[in-house]
Amino acid sequence: MGIRAERVEGQLRKEISKILQEDLKDPRIGFVTITRIDLTGDLRYARIYFSIMGDDAAREEGLKGLKSAIGFIRKLIAERMNLRYVPELYFILDKSIEYSINLEKTFERIKNEHKDSQAGDKEV
C-alpha cells in the first residue's frame, strides 16, 4: 500500500471516530471503537473494522445503526476531507478483541489448574 493510502486511512480513522462520538445521535450505536481500516489501492472502498462494548444483541443493533448511517458518515467525510472520491464504507464487526480476551481467560484457567495439580502432588 502506498503512502497516500496509509495517510488517507489514518485520516479516515480520525474523522470516522470523531463523527461517531460527536455527530451521530443513534441510540443503537453505543461505545464504538474503530480497530482498523482496510482501504483499497484506488481509495474507492474502505472496510472499517469496529468493536462495540456489550452483548451480542447490542453488537447487532450497533451494526444496524452504523449501516443505516453510512450515507450520513460519507457526507460528513466529503465535507471534512479533500478527496476526489469518498470511499464506499463497509462496517465489519471485529471479534478479535473478544477472541483475545477469551484466550487470556483460558490461559489463566489452565495456569490455575496446573498450580492446583502441583499443590496436590506436593501434599501426597
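For every residue, the table says whether it meets (1) closer than 26 Å to Glu6 by Cα; (2) in contact with a strand residue (DSSP E or B) (Cβ under 7 Å, 6 or more places away or on another chain); (3) modelled with pLDDT of 95 or more.
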residue	(1), (2), (3)
Tyr49	yes, yes, no
Asp56	no, no, no
Arg59	no, yes, no
Ile97	yes, yes, no
Thr106	no, no, no
Arg109	no, no, no
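Scan region 65-83 for residues that are free of Cβ contacts under 8 Å to residues at least 24 places away in the same chain and farther than 20 Å from Gly30 by Cα and the total you get is 4.
The values are calculated or read from the model by the stated rules, or taken from the named source; none is laboratory data. Since the model is a prediction, treat every value here as computed from it, not as a measurement. When we count neighbours, we look across all protein chains shown, and the Cβ atoms used for this are built from the backbone with ideal geometry, even at glycine.
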